[in-house]
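Each value in this text was obtained by applying a stated rule to the coordinates, not by laboratory testing. Computed from a prediction, not measured in an experiment: that's the story for all the values here. Methodologically, a virtual Cβ is constructed for each residue, glycine included, from the backbone with ideal geometry; neighbour enumeration extends over all protein chains shown.
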Amino acid sequence: MTASMARSEPAREPVRALERIAFLLERDGAPTYRVRAFRTAAAVLTGLTGSEITERVTNGSLEALKGIGPKTAAVIREAWAGDVPTYLERLETEARTTPLVAGEAGTGLRALLRGDCHLHSDWSDGGSPIEEMGRAAQEVGHEWAVLTDHSPRLTVARGLSPERLREQLAAVADLNARWAPFRLLTGIECDILDDGSLDQEPDLLDQLDVVVVSVHSKLRMDADAMTRRMVAAVSNPRADVLGHCTGRLVTGRGRPESRFDADAVFEACAAAGTAVEINSRPERLDPPRRLLRRAVAAGALFSVDTDAHAPGQLDWQVIGCARAEECAVPAERVVTTWPVDRLLEWTRAKRAGELP
């Protein structure tokens, strides 16, 4: 957004300002209710014509619209007048002066990334529609991104039944028809069940572009059993990425790492061509550095992902990039640096058992 907003499409400028504020709040981990206020106001404005907005700005009736309060109305009025809203300007300044990582850490690898293999929408436990997540992925510079809503067993996250996942595939196809050259790939974050099997119909998994597999239950399982469980999952030809492998949480009340034989799991990943996720969420930072270095030594592939549940969280990828650089992860082994054709060749070869 420029210092003086153009008047050529005035009905759009307040929407852009509101959406950018929401993005920056999400990036900074602000409470959901604060973000929702700005995204709701943007949605309300999107349903109005330019003349309707002008009338309400001039007669002071913006706040009469359900979903627009004093703070969002102030943003709308300033943006409509061609100015950068004061609140937006403050957030932009804070983003510049308090970067997500120190100095230039992660910026080299981040510049090489072409996509993100792990993001959620409001079809499961994300906070935004698929279209908003896809548009945000384009705006942060990606050529592709993978939609990976949860699988059926994770009911607390509104995991997708086979029927809902099929509906989602159709919705993604409709979006891709008008988004080229950007491509939103189909995927899932599939629960690893207790015996290492995957929580979705095998034939349906075969239709997806990318499958992330993660442990979400019985995280304190005995180490030997957890090792067998994870090795079975990452060795499955339908598994492409091992998500947040230890399941730890490092903020708030926290959660300890699951116990398993990391060398056995990472060697199985390397043998099967399954990528180890470098999860960029600030509360996860998974795997820990000591395990990330062991995954490098094992020869595994990697996927630097955000696990984004809101558009602004897509900016978190540089956090994972910084950890990857610190642990000497070779850029050529990071699948999120690959063009989409190479990425899909890899996952299709895995399904067919044709990896070298």
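Its alpha carbons considered, segment 234-356 gives a radius of gyration followed by a Dmax of 14.1, 44 Å.
When DSSP beta bridges are limited to those with both residues in the chain, what percentage is antiparallel, rounded to the nearest 5? Working shown, then result.
Working: 4 of 25 bridges.
Within the chain, antiparallel bridges account for around 15 percent of the total.
The smallest convex shape that holds all Cα atoms of segment 72-187, its convex hull, gives 163 Å³ per residue.
If r is the Cβ-Cβ distance from residue 63 to residue 92 and R0 is 22 Å, what FRET efficiency results, to the nearest 0.05? Spell out each step's value before the answer.
Details: r = 25 Å, r/R0 = 1.14.
So, using R0 = 22 Å, E works out to roughly 0.30.
Taking Cα atoms only, the orientation of helix 162-179 departs from the longest principal axis of the chain by about 60 degrees.
Restricting to DSSP H runs of at least four residues, report the calculated mean residue ellipticity at 222 nm for the chain, -39500 (n - 2.57) per run over all residues, nearest 500 deg cm²/dmol. Can you show the working numbers first?
Values: 14 runs with 157 residues, N = 356.
Helices in the chain give a 222 nm mean residue ellipticity of -13500 deg cm²/dmol.
In segment 221-356, the DSSP beta bridges split such that about 20 percent are antiparallel, to the nearest 5.
I need the peptides 231-244, 143-156 ranked by packing, meaning the mean over residues of other C-beta atoms within 10 angstrom, with the highest value on top. Write out the running numbers ahead of the final one.
Values: 231-244: 23.6, 143-156: 22.1.
Highest-to-lowest ranking by the protection proxy: 231-244, 143-156.
Based on Cα contacts under 8 Å between residues 6+ apart, segment 141-268 shows a relative contact order of 22 percent.
The length gained on full extension between residue 251 and residue 167, counted as 0.36 nm times the residue separation minus their Cα-Cα distance, comes to 26.7 nm. Take the Cα of residue 345, step 7 Å toward its Cβ, do the same at residue 331, and the gap between the two points is 2.0 nm.
Under the simplified labelling scheme, the residue 197-residue 104 pair shows an inter-label distance of 5.2 nm, with each label point 7 Å from Cα along Cα→Cβ.
If R₀ is 56 angstrom, what is the calculated FRET efficiency for the pair residue 36 and residue 354, using the beta carbon separation as r and rounding to 0.05?
Numbers: r = 46 Å, r/R0 = 0.82.
Here the calculated transfer efficiency is 0.75.
Taking Cα atoms only, the orientation of helix 13-27 departs from the longest principal axis of the chain by about 40 degrees. Against the main long axis of the alpha-carbon atoms of the chain, helix 223-234 sits at an angle near 70°.
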